Each structure stands twice: as C-alpha cells, then as structure tokens.
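Below is one structure, written out as structure tokens; the observations come after it.
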C-alpha cells in the first residue's frame, strides 16, 4: 500500500516537535514514563535508527481494556479526514499545536483527481476524560474501495468510525461506500459534519441526507470545523462515549491481526498489528497463520504517531511489530500472528490479494527493461497486492502482466512509477479476469477444475467446451445533482449496466445504484461521468461477484492472418463497436505498402468489421540529381533499418507504433 | 578534340557547329574514350534568385546586388581547382543550375566554359545546359547564352495555369512561359526541356492533364514531370500546416503521374527516368551521369560533387559539398582556391548502394555490364537471384531481373522507394556474406 506520504509527513513533524522539547506531551501518566534515561535525549530521531539505540520503552500494561477505544476516520476525498486527524492529534498533545499542521497527505495528482485519499497514519492518542486516562487508537484505512478488503481488515480492528461529511458538498459516493463497509462490520458510526465555517455550508441539509440515506437520527451528527478547531473536543468525547471498548482477552494466547505492512530497506517489514487476545513481548517467537513461518520479535511499539518502543503490547492495543520478515508478502493484510507452538483460530476474513484489473506493461524502449524491472521491484516491495508476471509480446518486446486491485490502484501505481522512478512505460488497455465454466471433460481434467479464470485472451476456451462464461461485476454508486441524471443513465445503459436503485438523498441530489460489468468501467467510465456532469457526479464501486455473460473471442486479421497481440475477449453486444474501433485505429497507423491491406475483426470465421489500407500507387522521390543523392541514401538506409524492426504478420509489416496506438489505454473522445 | 588554351575563346563557335552532328546520337551510350575515372560531368551552381518561390527550399539567396565579377572569378577559380584535384581529362557535360542561373550574365557562363576548356578536354558536342526562368530570359538574352556556349535549355515553366503560378510564387505567367519556350526552341531546336509540376494543393486530375496536352502542342523533345513535395521551411508548407491551403492529396498526385506517363508515352516520349521524358533521343546526358553514378564535380556555393581526387593522389571516390553561403564560399575560394566544406569517402558498399538506387530510376535500370564496372566479383544474380523477397517483387510485377540486368517495371518505377527498402538490405546482406576477394582494380 502507498503509505509513503503519510508516514514521511508525520515523522517529519514529530521530529520538529521533539526538537522543541514538546515530545513529552504525548506521554502522560506514570506508567508511560520511559524506563530509562530521559525522553528528550533518548527519543529516536529517525525510524532508520537501529533499535539498539533506543533505550526508552513504554510500559503499556496500565491500560485496562475498558479504557481503550479503537476507531477509524472515513470520508469522501477532501471532506476533511486528514485535517480532523491533525486536530485530534493536537488536542491529545500527540503533535505540537503551534506548528502549522495543514493536511498535506494527498500528494499524488491522481489521488486528487480520482477521489482517493492516502490512508491516514495509525496513531495512539492519550486522552484524559472525566478523570480517566484513555488510550484512543486511530487506525488507518486506505481511502478507496479498490482496497475494500484492506479497509475491511482495518475496520475489523475497530469498534467504531467517524464518518466525516462536508457540510457544503454533502454525501458523496465514497461516503456511501464507506458507510456500508462500517455498517456491515457492525461498527458504531459517528457522523461528523465538517467545514461548518464555510460560507455555503448547509449542515442541516447534510443532517437530513444522513438521516435519509443512513438512517442515523440527525441529532447524532456532530458539527465541526476541523480547520478552525470548532467543536473538535466533542468528537473525542463521542469516541469515548459512543464507541464500545474492544472485546478481548488478555489471558488468552496471543492473537494479533496484521492490518497493514510496509517495507523499510534497513529494517525489513514493519507490520501494523491489533491484538485481539494475549500479550506480545520483544523476543517472543511468533508465527503467521497464513504462511506458518516463524519469526522472533525484534521490536514492538506504539505509533505516537512515530514509532515509540514498548516492552509489550496487550490485548486491545494497536501498534507495530518488526520480526525479521524480508518481504511484505510475509505480512499480508488480514493475516493472524500467534505465539509459536500456541496456534489459535485465525481471525476470520483473510484473503490473499485478488487482482481485478490486468494490464500489460512494457518499457517504451527495450534498453530500459532492466531499469523498469528494478523500479517495479522497488514499488512492489511496498505493495504486495500488485501481482507481477513476466510476459512478452512479439510487438512490444519483454514486459510484464500486472494485476491490480482496481483501476485507481493501477493509476496510482503507474503514476508513482513515472514520478518516482522516471520510468516511461507502455501500459496496455486493462482487461478483467473472465471465467469459464467448463463442460468438456477433457478440459476439466486438464485444468483440474471446472471453473477457470481467463487472464490471457489466448487461453479463452472455445464455446463448444464451455457451459457458460462469467464476467466480474461491481455495484456502482453514483451521486449527482439531479439535472445530470438523464445523461448519466444513458451512459450507464451504454455500459451494459443494470439499475438496481435510485433515490433522492435531498431535494436536488440523486443517488443511483447500478450493477456494472467491470470491464465496462475499466477504461474511461470515470472520465466520461465527470465530463458529462461538469465534475459534480461522484462514483464509487464495490465488488459484486460474477455474472453470466455472452463472451466471444475476437480476432484481428491483417490480410487473413491473425495478429496474436490483438486477440480480445469481448461481450457479444460490444464486439462490433470494439472491433470497428480497433480496425479504425489500425488503419490510421498502418503505413501503406506495395499491396492493399485488409484489416478485419472476426469472431470465428465471421467478419464483423473491415477497413482497408490502399496500396501505394506512387512512392518515389521526384527529383534526384547530384545534390540529392546523399540525403536520399541516408533516408533510404534509415527507413530500411527501421523496417527490420517491424513485426511481420503474414506479408504485412506492422510498426510498433501501430500496436501501441491500438493496445494503449486511451479514452474515447 | 581537346582545344588548346589559345583557341579557347572560340570554343563556343566550334560547339555550335558540332551541335547538329551530335543531335542524331542518343544519350547514355556516348562513346567512352577516356577511362571512367578520368571523365566527369560538371555542375555549376548560381545561388541567386529574384524572388523566393513558395515551394523551394533550395540553396538560394535573394541579393540586394550581386558582385558578379567576383562571383565569376570565384566560379572560374573553383572549377580550375577541382578539375586539377580530380585529375579529370574530359568533361562530358556542364549544367548551370540554381538559384536562377539565367540571371547571371552570359559572360560568366562563357568564362566558366572557357576555363574548363583550357584546363581539360571539353568536347565541342558536350551538353551544356542552362536552367532558365521564363521572366529573366528574353530571346536576345537566350541568344547571348547560346553565343557563350550553352546548347541546351531547361525552362522552369511549372504550370500553364496563372492561378497555380501565383500559388507557387512564380514571377511569370503562362503566356510568358509559352513565349520563352517558343524563343528557346527557335534558338536551340531539339535542345529545350520544360518542367511541369503536379500534385499542387487543390489541383485536379482533369485540368492538369489539360495543361499537359496543351504543353505537348508547344514543347520540344524533353519534359520533366515533378510531383510537388512540401518542404519544411517553405511558405507553402506553412500555409498547408495552417490550413490556409488544402494538403496535396497523394492519391490524386499518383493518378496524375500515371495518367501523365501514359499521355507522354502515346506522344512518343520515352520515360528514361522517374521524372524525365524525351523523344528523338533528346535525353539529358548530364543527368544521366548522376543516375549511372558517373563522376561529377560540383562548383559554386552548396554544390555537391562525387569524384576520386586522383590529381591529389586519392584513389577513393568522395562525396563533396561546397560551403553553402555565397559570401563565405567566395572568401574560401579566394583563400584556398576552392570552397569544399565536407569530404566523405564513399566505401565500396556505399557506392554500390548508390549504383542500385540511382540506376533503378532509369528505364534501362542496371545492366550486367554497368554493374560489373563497379563490382566485378558479385553479379546481380548473386545478389538478388536467390532472395525470396526479391522473388515476390518480381512475381508481383514490380521488378525484372533477366539477361539484360535489373530494372523496374512500369508499375515498379512509381513505387521504387518501397522496392529499395527491400533491395538495399539484400545488397548489404550479400555484401557481408561475399567471399573476400582481392581488391578489384578500378
């Protein structure tokens, strides 16, 4: 997961706090005093420091479970999640109030554009309320439902959430998706209406929306301005009063949930854990329920929000753990850790990351292959949810087939690759994992299962051997001002979506729910939606399994020869338009040759679209005299050299550019 | 044949006498009296124009005033220097190109020709061509050029449509052009060529063929058809980029070319090269030298040459380019006798590549004898006989390889540049795989 922005940012600020001597504030109460030395001089200046340098350790035994609250903040993009987190940290003295703590989390352009927030940092807050010392663990969640699995794991460590809604914009698609995730996890939901200081703020309207959509009485909404600090204290009080303490047992053997992990090149994997049962200490031998590998705990601590070592962590508490894991795949989100030789029932709900969108990635220039490879390796060190398989294309050379959790995940990954590693790549049009239920006994025997997943169109089994094909579907939520409803419904219908729900969430806002085939939204749906609603509609989606689909394999032929790179699996209803579009793009990018080129799209033996590139009738330099020879020879030789690199399909020469134009992700204009 | 220096001034008169004798002979088969390495064609570049044409990106300058005496002296000096360096004994043709060489005075043309005749053998029947712009060439002036030794004119007529001529930025009208053509034919019967352009923006096939037919009623025995190519940096290019003019349609241009070739064939013209048509044997020997990869010297700013500097002890053919800008070129000529800016030795394979690419532009193509003069070891059959790709081209009717040699068919000539993309790599491959042999003489 992409935690870099969040971690780096808070680490930097904590350092500043420590330099001004304010670091102590976060550690009230005798049981929190460092066990040796003074905090000011022993505070680890940087997480890169080896653990041996840190002598101070906090004793966490003094927090009874009833004084612990585990919660999360969820919100649509820009509704103020990070600003609220800043204020909560300031109020509890975790970070210095005098600093200008402006939220700066959403660093990547794509995050701002596409409505994703980088997950907030996990932090343990100490707060004194009505004479009692509380430990409030703010647990991060990734900001988008591409990561709904990760969100659900993070939420499973919580008992409640703060649902932040902008007083001006009201409920947006992501607000709805987030709410239902929390609702399904049976968490207490505290609605927080933020930005009440804005001129156009209409908190009453938002209260009504919340009541209507989420069935939460309007008097439960807390109205605040995180920016100005108005009424933020009451949020903390609501966390204590309305969220129950975790139901855990310190006496049972250790049972810890991994809800996040990051990779540090000096210290290895740092796992964020929530303890459901038992105690874990430095030096303990632990094991993973998923991999069964065993490790020795080198370091544990809480996040305050920077790492703060502790002797132990107890049931109900949340912190980090370093145990010599070399790879993020060893600390997968949702995994359960237990004490070696004391196995426990793993926490429910663990799944390995399941890519939903696949795309080929190739270096623009093959000489860049190794650089791109090392950039990919570095990026995937921090993101185990990206699957990487080597692939090669006759046209594009050596590359990879990457699997992503969703579209935004893919965009973020690609953008990071470009921004952080300066890698220029060709990303092919994303595809989704189709399935086929086999009927042929022979094939079933061959695959050793009845239902197979088709990632590469070349593996698409023939209809005669298949009972049915399945395609992944998602439940999409669109919230829009009602004047755009008509256009949006037409867009959805064109994308083969089925309306499942429609309601007015207030006088002029509509919430639409559609069941979309995933492949219909993977390329340009979001952009189309934004453009036809002048940017006002918001969209979010969640996994909704698979549905039967009439899928066909479409071949592209050049003078009767199949172009392997362009074989496509497509829905029957879309075959003609997709085939026509590919043929047209090819026509525009294939150079004329000495003979006519027929470009055809075909399903089996049936031609469904055709374009023609006419033969050259004249291709000869008109004037070639004494002064023209050098230039002409140079040009001819360069062209002849370029021709050697062309891919030949039958007798037709296809430049790499033509493949790129057809295969590359591009939005319809 | 060689004229002694003392009688050089009367060379032009002798040449006029010889003109009629030579007229009956065909070009391209002129008898070779000296070895190839001692023969050359000479190109002389006059870099000035009155006005910039919209389509031309050639090396030319619009001067405020030309110091013609200085220019003349430099052209003479450089011609002398290069002739000496080359060790050439016989100059078989001279071509005054530009720019607009008809803007130069006949004295300058005479001075260059006399210098050549003094330095080497310039046979009286050598082809001496001058490019002529219709407006800068009244009949009296053309006669003066004839007296100076010019015996062939190439008229940049370009179009018989006044609207098109204005579009091209030409200074003449269609009637100017026809008058110049008539005067030229009167003075140089059977020795006048005209250029006609095709594929102009918005030009249509029918009207263009009309122009060609009209031209056939007026023209002499030589026509060049040139498809307009839009060159970067020209006004026309910018106008098309900015959509002020429609882009020329390559389909329409191809059709004009095909129809035009057919019309000229019916009128008795031989298409002896991609863009050049002649009847009654009026081929340009000078240009033929380029396509046969003969030696040529380039004199004047930006002129190109290809010769073996035997006079300086060289034994490898070089591609040479003279300094582009006239003032700098003149300074260099005054300082070192020549303005050669760049000399690139041509490798054996490179020369063969040129033999192939240039030779196939002609109707006779590359004969086995011609090829053997450049490459005695590896025959055309060795190079192209076994290639499947070449075989496909032959089967498709683009290319012929037989007892005469290698040449394009009628269809193949129009797409030669596509054919060369297959032939050149084939030549390279055969060259690399050849069994090393002792260095052939010549």
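A few remarks follow.
- Just so you know, in the stretch B:305-317 the residues that are surrounded by 14 or more Cβ atoms within 10 Å (Cβ to Cβ) and over 21 Å from the mean Cα position of the chain (by Cα) include one that is nearest to the other protein chains (Cβ to nearest Cβ), and it is B:309.
- Scan of the stretch A:81-103 for residues that are part of a loop (DSSP other than H, G, I, E, B) and modelled with pLDDT of 85 or more, ordered by number: A:92
- Checked against the criterion of being touching a residue at least 60 places away in the same chain (Cβ under 8 Å) and within 12 Å of chain A (Cβ to nearest Cβ), the stretch B:392-399 contains not a single residue that satisfies it.
- Yes/no for residue B:320 being more than 21 Å from residue B:410 (Cβ to Cβ), within 11 Å of chain A (Cβ to nearest Cβ) and in a strand (DSSP E or B): yes
- Taken as a whole, the stretch B:182-204 holds at least one residue that is buried (at least 20 other Cβ atoms within 10 Å of the Cβ), closer than 28 Å to residue B:150 by Cβ and out of contact with any strand residue (DSSP E or B) (no Cβ under 9 Å at 6 or more places or on another chain).
- Some residue of the stretch B:343-362 being surrounded by 14 or more Cβ atoms within 10 Å (Cβ to Cβ), in contact with a strand residue (DSSP E or B) (Cβ under 7 Å, 6 or more places away or on another chain) and more than 14 Å from chain A (Cβ to nearest Cβ): no
- Matching residues in the stretch B:264-304 - criterion: being away from chain A (no Cβ under 13 Å) and in a loop (DSSP other than H, G, I, E, B): B:267, B:268, B:269, B:279, B:280, B:281, B:282, B:283
- Exactly one residue out of A:597, A:608, A:582, A:562 is over 42 Å from the mean Cα position of the chain (by Cα) and over 30 Å from residue B:290 (Cα atoms), and it is A:597.
- Every test in (1) surrounded by 18 or more Cβ atoms within 10 Å (Cβ to Cβ); (2) in the same structural domain as residue B:191 (by TED's automatic domain parsing); (3) modelled with pLDDT under 85; (4) over 29 Å from residue B:234 (Cα atoms) is passed by residue B:3 save one, and that test is (2).
- In the stretch A:209-219, the residues that are over 30 Å from the mean Cα position of the chain (by Cα) and either crowded, with 16+ Cβ neighbours inside 10 Å or closer than 27 Å to residue A:333 by Cβ (or both): A:218
- Scanning the stretch B:400-422 for residues that are more than 11 Å from chain A (Cβ to nearest Cβ) and surrounded by fewer than 22 Cβ atoms within 10 Å (Cβ to Cβ) turns up B:400, B:401, B:402, B:403, B:404, B:405, B:407, B:409, B:410.
- Every condition in (1) touching a residue at least 24 places away in the same chain (Cβ under 8 Å); (2) in contact with a helix residue (DSSP H, G or I) (Cβ under 8 Å, 6 or more places away or on another chain) holds for residue B:99 except the one numbered (2).
- Strands (runs of 3 or more DSSP E) fully within the stretch A:577-669 counting 3 or more residues that are buried (at least 17 other Cβ atoms within 10 Å of the Cβ) and away from every other protein chain (no Cβ under 14 Å): A:597-603, A:606-613
Quick grid of which residues meet (1) assigned to a loop (DSSP other than H, G, I, E, B); (2) crowded, with 20+ Cβ neighbours inside 10 Å:
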position	(1), (2)
A:237	no, no
A:241	no, no
A:253	yes, no
A:257	no, yes
A:270	no, yes
A:302	no, yes
A:308	no, yes
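- Residues satisfying the stated conditions in the stretch A:130-184, i.e. in a loop (DSSP other than H, G, I, E, B), closer than 29 Å to residue A:382 by Cα and more than 20 Å from the chain's Cα centre (by Cα): A:158, A:159
- Of the helices (runs of 4 or more DSSP H) that lie entirely inside the stretch B:119-236, those containing 1 or more residues that are more than 21 Å from residue B:97 (Cα to Cα) span B:162-167, B:174-187, B:205-218.
- The stretch A:277-304 - residue that is without any contact (Cβ under 8 Å) to a residue 60 or more places away in the chain and touching a helix residue (DSSP H, G or I) at 6+ places or on another chain (Cβ under 9 Å) and, of those, nearest to residue A:125 (Cα to Cα): A:282
- Filter result for residue B:78 (buried (at least 19 other Cβ atoms within 10 Å of the Cβ), more than 25 Å from residue B:217 (Cα to Cα) and touching a strand residue (DSSP E or B) at 6+ places or on another chain (Cβ under 7 Å)): yes
The values are calculated or read from the model by the stated rules, or taken from the named source; none is laboratory data. This one's a predicted model, so the numbers in the text were calculated from it and none came from an experiment. We place every Cβ from the backbone using ideal geometry, glycine too, and count neighbours over all the protein chains shown.
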